[in-house]
Amino acid sequence: MQLENYISDLLYRYDCVIVPEFGAFLTEHQPATVNSETNTFYPPRKVIAFNEQIQNNDGLLAHYVADVEKIPFEIAIQKIRKRVDFLKSYLTQGETIRFNTIGELIFNTEGKIVFEPSYNLNYLTDAFGLTQYDTPPVTREVHKETVVQIEATAPIHITPEKRSSKHYLKYAAVGLIALTLGGFGASKYHVNQVETHNQLAQEQATQALESKIQQATFSLNPMPAITLNVTKQTGHFHVVAGAFRIEENCDKKVAQLRREGFSARKIGANKYGLHQVVYASFETRLEARKALQNIKFTHNASAWLLAKKLD
């Protein structure tokens, strides 16, 4: 059983994958970085860590193994326990466990597991297809010193233009006054025309709006009443379709089952924090067992029966 392959698959979708009685692999989002010394750009990624203190079975890994290998949940737990016993015995002998896409595990002198992550695989799906790349340094030319030297050797002087007589200034002043008076008159006439046009347009718009309001007032028809019949599910016996750490995945599963004709719904989170989805709920155990048998045969061999009184 290649347990590391199942762990690797789950790390794409979850931030915590617990291996019962062994430890938990955790991921943390790291933004894109750049190494200024090597001019290397690194895309955003999930950085993997290991915590030996988290060993409680939350059912995530076992459910995934059971779904992939098409085996009962209890058999999946036994296979995981057997693999964990092998890994522990391997570590106690001083050997190093290498998971190619996850990292390396080894015992230190205090008998604690030391984890060294691997960077061969990026588990951040948002960064799919992005790889690190190197770029040559950017060089910028500096021209300031050259410009200073040119100005020092060849200064630029501005010589004002000389006029032979001053009578041109008189004619220019007369022309400027005429243009100013003419422009003022034309501007005043244009403003008056614009104000008149705006007033007419506003009156026309007001009349059109009042006409529309009157038409809408007399054409309103009352909407027919709609009666909805909603059946509330009751019962303490539930056929469970699955449990999900992320509630969004739980909602997707409910929508899928409802499209397939089941009366699926969420019944809350269990003690491990997993959101549970059921095919349906029943008043008696006999009804629930009949439904479970049919669902196992036709839809999902991993479905199971839960007896629980809901609030």
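With the whole protein complex present, Asp9 retains an accessible surface near 60 Å², based on a 1.4 Å probe. Rolling a 1.4 Å probe across the protein heavy atoms gives segment 1-138 an accessible surface of 60 Å² per residue. Placing Leu11, Leu306 in order of accessible area, with the largest value first and a 1.4 Å probe, yields Leu306, Leu11. Label-to-label distance, Thr298 versus Thr109, with points set 7 angstrom from Cα along the beta-carbon direction: 6.6 nm. Between Asn120 and Asn100, with labels modelled 7 Å along Cα→Cβ, what's the label distance in nm to one decimal, could you check? With each label point 7 Å from Cα toward Cβ, the separation is 0.5 nm.
Annotation for segment 1-101: GluC sites (Glu not before Pro) lying in DSSP loop with at most 15 further Cβ atoms inside 10 Å of their Cβ are Glu21, Glu37, Glu52, Glu95.
Here the extension length gained between Asp85 and Asn249 equals 55.8 nm, from 0.36 nm per residue of separation less the Cα-Cα distance. Ordering Thr33, Thr40, Thr96, Thr298 by accessible surface, largest first, gives Thr298, Thr33, Thr96, Thr40; the 1.4 Å probe counts only protein heavy atoms, with every chain in place.
For Gln55, the shell of other residues with beta-carbons less than 14 Å away shows a net charge of -1, using +1 for Lys and Arg and -1 for Asp and Glu. For the pair Gln256 and Leu305, label points projected 7 Å from Cα toward Cβ lie 2.5 nm apart. The trypsin sites (Lys or Arg not before Pro) found in segment 58-115 that occupy coil by DSSP, while having at most 12 further C-beta atoms within 10 Å, are Lys70, Lys112.
In this structure, the amide hydrogen of His236, modeled 1.01 Å from its nitrogen in the peptide plane, lies closer than 5 angstrom to those of Phe282, counting only residues at least 5 positions away or on a different chain. The string of couplings for segment 40-52 from the Karplus curve (6.51, -1.76, 1.60, θ = phi - 60°) is 10, 9, 10, x, x, 7, 9, 8, 9, 9, 10, 10, 6 Hz, one whole number per residue in order, with x for Gly and Pro. With a sphere of radius 12 Å drawn around the Cβ of Gly103, what net charge do the other residues whose Cβ falls strictly inside it have (Lys, Arg +1; Asp, Glu -1)? Summing Lys and Arg as +1 and Asp and Glu as -1 gives -2.
For segment 232-311, the list of GluC sites (Glu not before Pro) that fall in a loop by DSSP and count at most 16 other C-beta atoms within 10 angstrom reads Glu260, Glu283. Only protein heavy atoms count here; on that basis, with a 1.4 Å probe, Ser89 has an accessible area of about 50 Å². Out of Ser8, Ile71, Ser89, whose Cα points farthest toward the positive end of the dipole of segment 1-146 (charges: +1 Lys, Arg; -1 Asp, Glu; placed on Cβ)? Result: Ile71, furthest along the dipole toward the positive end. Separation of the alpha carbons by more than 32 angstrom is noted, of Lys70/Lys112; Lys88/Lys309; Lys70/Lys266, for Lys70/Lys112; Lys88/Lys309. The dipole here belongs to segment 1-84: it is taken about the Cα centre, uses +1 on the Cβ of Lys and Arg and -1 on the Cβ of Asp and Glu, and is about 200 debye.
The values are calculated or read from the model by the stated rules, or taken from the named source; none is laboratory data. Computed from a prediction, not measured in an experiment: that's the story for all the values here. Methodologically, a virtual Cβ is constructed for each residue, glycine included, from the backbone with ideal geometry; neighbour enumeration extends over all protein chains shown. Side chains included, ligands, DNA and RNA excluded: accessible areas come from the protein's heavy atoms. Shrake-Rupley method; radii C 1.70, N 1.55, O 1.52, S 1.80 Å.
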